[in-house]
Amino acid sequence: MAVAATGVEGFLHAAGERRVREVIVVLDFGSQYTQLIARRVREAGVYCEIYPYDASADSLRKLGAKALILSGSPASVYAQGAPKPDPRIFDLGVPLLGICYGMGILAELAGGAVAAAQKREYGAAEITIQDTADLFAGFYRGETTRVWMSHGDRLERLPDGWIALARTGNSPLAACADPGRRVFGVQFHPEVVHTVRGRDILHNFLFRICRLEATWTMENFLLEQEKKICDQVGRDRIICALSGGVDSAVTAAIVERAVGDGLTCVFVDNGLLRKGEAEAVCAFFAPRFGRRFRYVDARERFLHALRGLVDPEEKRKAVGRTFIEVFEAEAATIPGIAYLAQGTLYPDVIESVSFRGPSATIKSHHNVGGLPERMRLKLVEPLRELFKDEVRSLGEILGLPPEIVHRQPFPGPGLAIRIIGEVTAERLALEREVDSIVVEEIHAAGLQKLTWQAFAVLLPVKSVGVMGDERTYDNVVAVRVVTSVDGMTADWARLPEDLLARLSNRIINEVPGVNRVVYDISSKPPATIEWE
Ligand code: XMP
């Protein structure tokens with residue numbers, strides 16, 4: 001395959017022709033669906049970035065934005081202090097699509113009137129299509145289709161020159177447009193799956209109205225990044241910390257393709273991973289990297305650092321501190337390291353209104369963030385522009401095994417925060433066994449991808465039981481299975497009764513030392529996903 005011939009960011013070389021990477025921008029007004037909009041656009045093959053709602057028209061012009069999508073918002077258009085975009089976005093001459101609040105604010109800025117609806121619309125609704133020229137091309141006039149609504153505002157009067165495209169029973173203006181200026185608005189959410197033909201509507205916007213090309217693919221991205229890393233790192237040496245997760249594994253695999261022997265991977269085994277995870281990392285990387293794969297067995301050291309600690313934050317800090325010490329000591333044995341490769345993802349870098357949920361400050365999240373400054377290393381972050389699902393497809397292209405590619409999110413402090421109270425070697429072994437049964441059963445039921453996280457928590461509680469004719473006094477474990485889109489909010493999974501029964505039977509029968517299993521039925525908020 002041809003290698004990209006330019007090092008300039010934002011350009012890519014696909015199939016031998018030089019092409020500007022086209023970007024469209026989602027302006028974030030605080031909707032829970034903002035990231036989902038961006039992901040849907042990328043799924044369509046168009047690169048998309050998220051910016052705060054008040055990004056200036058000048059900055060968007062400099063960025064070369066080919067179109068803007070205005071997200072929904074928990075705010076109301078007519079309320080005081082409602083978030084407003086730079087009105088000069090109309091002068092950019094690029095197509096605009098307002099979703100829900102985004103439609104209201106565009107219409108208001110253009111001279112329309114928005115008011116509180118007498119009836120809030122939330123959930124599924126039917127819209128009837130009236131105009132099939134652009135946004136609803138491929139539909140027929142009078143067609144009704146199911147959409148997902150969540151709004152309290154209602155567009156009362158269209159601005160001059162605008163036309164209605166669709167209506168619902170409750171709102172005669174469910175979609176509207178100023179076709180001459182290529183400004184469109186939908187009251188409903190085309191990005192959610194409950195909007196049956198949402199994909200068609202977004203595709204009409206991207207390909208018919210904006211005339212974009214679907215060039216954003218992970219294969220192109222890989223070529224682009226390889227070239228970029230190659231230019232950046234040159235003949236210097238680069239180090240990467242493998243954690244057992246998909247982000248660091250994909251980072252290492254990309255960097256290795258770019259710089260080959262220049263990369264050394266360090267896998268610090270903290271003994272706090274789930275059953276089989278450390279082995280999966282070693283099995284993939286050790287044969288490929290040979291002596292450039294450093295396995296550091298630090299299990300004892302982490303246990304020692306955790307000894308006597310019961311406070312969750314103290315445990316987190318001990319794990320973080322120990323990791324840095326071990327990693328630094330190992331790095332010091334590798335001469336000439338100038339770069340650190342890190343698996344930072346796009347959700348961590350967006351300055352988004354809606355993204356930062358309260359949990360960011362409730363628990364101190366451990367990552368390798370402090371290392372580059374301490375070790376005076378320059379950073380290489382090939383995944384900075386990607387969402388998690390894109391990282392997973394990249395992992396597949398790179399040939400990583402499914403255990404790594406489809407691993408569920410896992411906290412940095414690992415099993416240390418799933419063992420409530422003190423972490424000891426015995427309790428770790430117990431937790432790992434119970435947890436592996438949960439993982440196995442969730443897999444067997446085909447629920448691995450349908451649930452966000454599924455795991456076991458070892459409680460510092462003993463309960464009385466009876467096994468055979470004997471009284472037992474043993475450990476209680478909790479099973480936690482949640483569904484979520486982004487980890488910010490979550491609901492407990494309504495697992496089938498049979499599956500719950502099997503989990504309980506297997507755990508109690510197969511893991512000596514456990515005589516009671518409880519299922520956690522708390523949602524987030526008010527609970528969090530992890531117990532600590
Ligand atoms: P909570 O428990 O706050 O978790 O609802 C939200 C998501 O974050 C993960 N999590 C962590 N990840 N270091 C991490 O890297 C941590 O200390 C940590 N604590 C929680 C958790 O697994 C869930 O996906």
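Observations, loosely collected:
- Charging the Cβ of each Asp and Glu at -1 and of each Lys and Arg at +1, and nothing else, the dipole of the stretch 287-343 about its Cα centre rounds to 260 debye.
- When only the Cβ of Lys, Arg, Asp and Glu is charged (+1, +1, -1, -1), the dipole of the stretch 87-131 relative to its Cα centre reaches about 160 debye.
- Calculated Rg and Dmax of the stretch 193-325 using C-alpha coordinates, Å: 21.0, 63
- A simple charge model with +1 on the Cβ of Lys and Arg, -1 on the Cβ of Asp and Glu and nothing else charged puts the dipole of the chain at about 560 debye relative to its Cα centre.
- Pairwise centroid distance, computed over Cα atoms, of the stretch 247-299 with the stretch 398-444, Å: 18 Å
- To the nearest 10, the accessible area of Tyr51 is 70 Å² with a 1.4 Å probe.
- For the stretch 390-532, a Kirkwood hydrodynamic radius built from all Cα pairs, placed in the Stokes-Einstein relation at 10 °C and 1.306 mPa s, yields a translational diffusion coefficient of 99 µm²/s.
- Options Ala174, Pro496, Pro87, ranked by Cα towards positive dipole end of the chain, top entry (Cβ charges): Pro87
- Surface listing: Asp474, Asp469, Asp498 arranged by accessible area from highest to lowest gives Asp469, Asp498, Asp474, probe 1.4 Å.
- With θ taken as phi - 60° and the Karplus curve 6.51 cos²θ - 1.76 cosθ + 1.60 applied, the whole-hertz 3J(HN,Hα) list for the stretch 126-139 is 9, 10, 10, 7, 10, 9, 10, 6, 10, 5, 10, 4, x, 8 Hz, x standing for glycine and proline.
- When the chain is described by a simple charge dipole with +1 on each Lys and Arg Cβ and -1 on each Asp and Glu Cβ, the residue from Pro159, Leu415, Gly234 located farthest towards its positive end is Pro159.
- Distant-in-sequence amide H partners of Val476 (H built 1.01 Å from N, under 5 Å): Leu459, Val461, Ser463
- Sequence of Met488, Met218, Met467 when ordered by accessible area, the most exposed leading, probe 1.4 angstrom: Met467, Met488, Met218
- When every Cα-Cα distance of the stretch 110-218 is counted in 5 angstrom steps from zero, the calculated P(r) takes the values 2, 12, 22, 24, 20, 12, 4, 2, 1, 0 percent.
- Ranking Arg502, Arg199, Arg42 from most to least accessible surface, computed with a 1.4 Å probe over the protein chains only, gives Arg199, Arg502, Arg42.
- For the stretch 123-170, averaging the sequence separation of C-alpha pairs within contact (under 8 Å, six or more residues apart) and dividing by the residue count gives a relative contact order of 51 percent.
- Pairs of alpha carbons in the chain whose separation is greater than 36 Å (percent): 43 percent
- Remark: relative contact order (the stretch 472-522) = 54 percent; criterion is Cα-Cα distance under 8 angstrom and separation of 6 or more residues.
- For the chain, the carbon plus sulfur part of the accessible surface works out to 51%, probe radius 1.4 Å.
- Among the listed pairs Lys388/Lys462; Lys378/Lys449; Lys275/Lys388, those with a Cα-Cα distance over 27 Å are Lys388/Lys462; Lys378/Lys449.
- Here Lys228 is the anchor, and the aspartates and glutamates within straight C-alpha reach of less than 20 Å, apart from those fewer than 8 places off in the same chain, are Glu9, Glu17, Glu22, Glu49, Glu219, Asp236, Asp247, Glu256, Asp261, Glu381, Glu385, Glu390.
- Its DSSP H runs of at least 4 residues, each contributing -39,500 (n - 2.57), put the calculated 222 nm mean residue ellipticity of the chain at -9000 deg cm²/dmol, to the nearest 500.
- Among residues other than Leu500 with Cβ under 15 Å from its Cβ, the summed charge is 0 (Lys and Arg +1, Asp and Glu -1).
- The chain: DSSP helices with Cα axial extent of at least 24 Å and average Kyte-Doolittle hydropathy no lower than -0.5: 425-444
- Only Cα pairs under 8 Å and 6+ residues apart enter the sum, and on that basis the relative contact order of the chain stands at 11 percent.
- Per residue solvent-accessible surface (Å²) - the stretch 215-255, probe of 1.4 Å: 31 Å²
The values are calculated or read from the model by the stated rules, or taken from the named source; none is laboratory data. The shown structure was predicted, so the numbers you read here are calculated from the model rather than taken from an experiment. When we count neighbours, we look across all protein chains shown, and the Cβ atoms used for this are built from the backbone with ideal geometry, even at glycine. Protein only, heavy atoms only, side chains kept; ligands, DNA and RNA dropped before computing areas. Shrake-Rupley method; radii C 1.70, N 1.55, O 1.52, S 1.80 Å.
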